[in-house]
Amino acid sequence: MEKTIVCYLACEGKYLMLYRNKKKIDPNKDKWITVGGHIEENETKEEACIREVYEETGFRLLDFKHLGQVLFTGDFEQSMDIFVSHSFEGQMHECDEGELAWFTKDEILKLN
């Protein structure tokens, strides 16, 4: 089973979203998603969350909360642990996965 994480970064009523448009082969190409990725071998879900957020955004998590896990079954089995953080530091950098932008919850519902 493929193991993944996603992390919603929240700041001043907005959430950081990632528009996946830089890779030629990407199941999420041209979609807005949150940051995240695969849990590497010998890595905890918390370590993966910290690493993926830093790699994709440049932010260092100061505190984050595990919200739960979603299991996808069928031909493609995957677990996805979901996190949220309201406490992080650093400067956002360009992401090699796509474009990063902040949106309110209402704006997110209108994406894609």
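Please treat every number below as a calculation from the coordinates, not as lab data. As the structure is a prediction and not an experimental result, all values here were calculated from the model. Reconstructed Cβ throughout: ideal geometry from the backbone, glycine too, with neighbour counts over all protein chains shown.
Give the percent of DSSP beta bridges with both residues in the chain that are antiparallel, rounded to the nearest 5. All intermediate terms of the calculation are to be shown ahead of the outcome.
On the way: 24 of 32 bridges.
If we restrict to bridges inside the chain, about 75 percent are antiparallel.
As a footprinting exposure proxy, order Ser79, Ser85 by other Cβ within 10 Å, with the fewest listed first.
Values: Ser79 15, Ser85 20.
Ascending Cβ contact count within 10 Å gives the list Ser79, Ser85.
What's the local net charge at Lys22, with K and R +1, D and E -1, over the other residues with C-beta under 12 Å away?
Working: positive: Arg20, Lys23, Lys24, Lys29; negative: Asp26, Asp30, Glu56, Glu94, Asp96, Glu97, Glu99.
Residues close to Lys22 contribute a combined charge of -3.
Calculate the dipole size of the range 31-112 relative to its Cα centre from +1 charges on Lys and Arg beta carbons and -1 charges on Asp and Glu beta carbons; express the result in debye to the nearest 20. Let's see the in-between values first.
On the way: 7 positive and 19 negative charges, 91 e Å.
Charge dipole, the range 31-112, about its Cα centre: 440 debye, nearest 20.
Contour minus end-to-end for His86 and Leu111, with contour as 0.36 nm per residue of separation and end-to-end as the Cα-Cα distance?
Values: separation 25, 0.36 × 25 = 9.00 nm, distance 2.20 nm.
Taking His86 through Leu111 to full extension adds about 6.8 nm, to one decimal.
Within the chain, how many Lys pairs sit with Cα atoms under 19 Å apart, leaving out pairs fewer than 8 places apart on the same chain?
Final tally of qualifying lysine pairs is 13.
With Cβ to Cβ distances under 11 Å as the rule, what net charge do the other residues near His93 carry (K, R +1; D, E -1)? Kindly include the intermediate steps, with their values, before the conclusion.
Values: positive: none; negative: Glu55, Glu56, Glu94, Asp96.
Neighbour charge sum, excluding His93 itself: -4.
Can you compute the radius of gyration and Dmax for the chain, using only the Cα atoms, both in Å?
Taking only Cα atoms of the chain, I get Rg and Dmax of 13.7, 40 Å.
Between Cys95 and residues 5 or more places away or on another chain, which pairs have amide H atoms under 5 Å apart, with H built 1.01 Å from N, and which residues are they?
Under 5 Å from the amide H of Cys95 lie the amide H atoms of Leu100, each far enough along the sequence or on another chain.
Sort Val70, Val84, Val53 so the one with the fewest other Cβ atoms within 10 Å of its own Cβ comes first. Don't jump to the answer; show the numbers that get you there.
Details: Val70 12, Val84 15, Val53 27.
The order, fewest Cβ neighbours first, is Val70, Val84, Val53.
Does the range 1-55 come out rounded, prolate or oblate, given a ≥ b ≥ c as the square roots of the eigenvalues of its C-alpha gyration tensor, rounded meaning a/c under 1.5 and, failing that, prolate meaning a/b above b/c? Kindly include the intermediate steps, with their values, before the conclusion.
Working: a/c = 2.42, a/b = 1.13, b/c = 2.15.
Here the range 1-55 falls in the oblate category.
Please arrange Lys110, Lys29 by how many other C-beta atoms lie within 10 Å of their C-beta, fewest to most.
Lys110, Lys29
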